[in-house]
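The values are calculated or read from the model by the stated rules, or taken from the named source; none is laboratory data. Fair warning: this is a prediction, and the values are worked out from it, not measured in the lab. Using ideal geometry, Cβ is built from the backbone for each residue, glycine included, and neighbour counts are taken over all protein chains shown. All accessible areas refer to the heavy atoms of the entire protein, side chains included, with ligands and DNA or RNA removed. Shrake-Rupley method; radii C 1.70, N 1.55, O 1.52, S 1.80 Å.
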Amino acid sequence: MKKPLALLVDDEPDILELLEITLNRMAIETCCAENIAGAKVFLQQKSFDLCLTDMKLPDGNGLELVDFIQSLATPIPVAMITAHGNMESAILAMKKGAFDFISKPVDLAALRLLINNALKLSEASSVKDRRSRHTLLGESLIMQEIRAKITKLARSQAPVYISGESGTGKELVARLIHQQSSRSDHEFVAINCGAIPHELMESEFFGHKKGSFTGAGSDKKGLFQAAEGGTLFLDEVADLPLPLQVKLLRAIQEKKIRPVGDQQEISVDIRLLSATHKNLADMVRDGSFRQDLYYRINVIDLHVPPLRERSGDIPGLTDHILTKLTGANKQDRPQLSASALSALQHYAFPGNVRELENILERALALYDGSSIESSDLNLPVEPHCAAKSPDYDLTLGALEEHLEKIERKAISHALDENNGDKTAAAKQLGLSFRSLRYRLKKLGIED
């Protein structure tokens, strides 16, 4: 079996020799270059499996080599060797497409781990990449771009910040990055930071030793240890309290954690993905989120668009959701009428894909006949009002309450204008009598 081939680029003979010996002992063949020019010659002559390059080289910056490798027809994983504590250079390298980084003095155990992760990136991953279109649905240009970016991000160890409104599928995006990465054979650990009581957060994240606090009856591993070798996804990262933000920053930068009550730090190997529906940049400005942590987790930003910005994907999403909800094939499951599909495509979807699923599940319980009509969808009467009103908190719960108030007011007004005649009121509102009766019951309006 052919041995992997690595390109090593460093102008310090001692470092180059250390790298070469370490890789040769791992059954990896090496080619060594002392500068960028020599590295480029090798890259044009041979087919490498990975590259390790120093940041400072005699004829330029290692970032130039990262750019060159990314421009190749088939880019290879490239890792940056940086001076100790030079986190800014490491972050910039990963923004440009570097796979990972390692600091001087080189820790050989960490180096071997990095190399093994890089070598796991094989052509098999490209097969999984193409299948992502059947998981992250939508053929709009923006969704095609997101899937392409996921493919690229899966070939890196860089922290990714996934932004987007509630219900857009941020965790699904995180899972796809993990599944297509070299870490896919290890755990994907997802946690909603807003669901953990503040007093338990440090223990949940980093674990604790027996007797370290009241109730700690035994040693416990934290989320970082549970995700060892894999991916840790922090959803609603904006909800982290400031004291934990400090400890999280250290864990990310040093790649070490200290369980509560322990005197020793533990090395951890995880890839960090994070997400929130809040605006972290605004939180940094008002002091509720640390700027240094923001820059550390936001090495690469991936924005997931709201459903209203890709209404052309709604027919395909609807087909998929109805199939999932009914377990039936396209011939046997209920179909959406043209008016119902049009109503969905013109609705603002404050709850995004999650709300679309709820609407279709409700419609399946209400429709009669062979097709789902627009009246079966029970869409809010004035769906766009919420987007125009700045006077309430844009959380899904608050938004639904606000829309219910609008709906109740519109229905009461229609009943008053028609002297309580429900048939006439339903006609005025563009609803079926059955749909109006459902809304009266749901809103608690006197029948």
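Taking the three principal axes of the alpha carbon atoms in region 1-116, the coordinate ranges are 39, 31, 23 Å, sorted in descending order. Positive-end ranking of Thr30, Phe289, Leu8 along the dipole of the chain, with charges on Cβ about the Cα centre, is headed by Thr30.
Solvent-accessible surface of the chain, averaged per residue with a 1.4 angstrom probe and all protein chains in place: 49 square angstrom. For the chain, with the dipole built from +1 on Lys and Arg beta-carbon atoms and -1 on Asp and Glu ones, taken about the Cα centre, which of Gln253, Asn61, Ala109 lies farthest toward the positive end? Final value for the positive-end residue is Ala109. By the helix-only formula, in which each DSSP H run with n ≥ 4 contributes -39500 (n - 2.57) and the sum is divided by residues, the chain has a 222 nm mean residue ellipticity of -13500 deg cm²/dmol. When the convex hull of its Cα atoms is viewed from all sides, region 178-300 shows a mean projected area of 7.9 nm².
Surface composition of the chain: carbon and sulfur atoms hold 50% of the protein heavy-atom accessible area at a 1.4 Å probe.
Take the residue pairs Lys2/Lys104; Lys104/Lys247; Lys149/Lys247 and return only those whose Cα atoms are more than 28 Å apart. Violating the 28 Å Cα-Cα cut-off are Lys2/Lys104; Lys149/Lys247.
Using θ = phi - 60° in the Karplus curve 6.51 cos²θ - 1.76 cosθ + 1.60, the 3J(HN,Hα) couplings for region 319-327 round to 4, 5, 5, 5, 4, 5, 6, 9, x Hz; x is entered for Gly and Pro.
Taking all Cα pairs closer than 8 Å and separated by 6 or more residues, the relative contact order of the chain comes to 11 percent. Taken as Cα centroids, region 345-369 and region 203-256 sit 38 Å apart, rounded to the nearest whole angstrom. Cross-link check: pairs Lys95/Lys170; Lys170/Lys427; Lys96/Lys170 evaluated at a Cα-Cα cut-off of 32 Å; pairs beyond the cut-off: Lys170/Lys427.
In summary, the aspartates and glutamates within cross-link reach of Lys278, defined as a Cα separation below 12 angstrom excluding same-chain residues under 8 places away, comprise Glu165, Asp235, Glu236, Asp239, Asp393.
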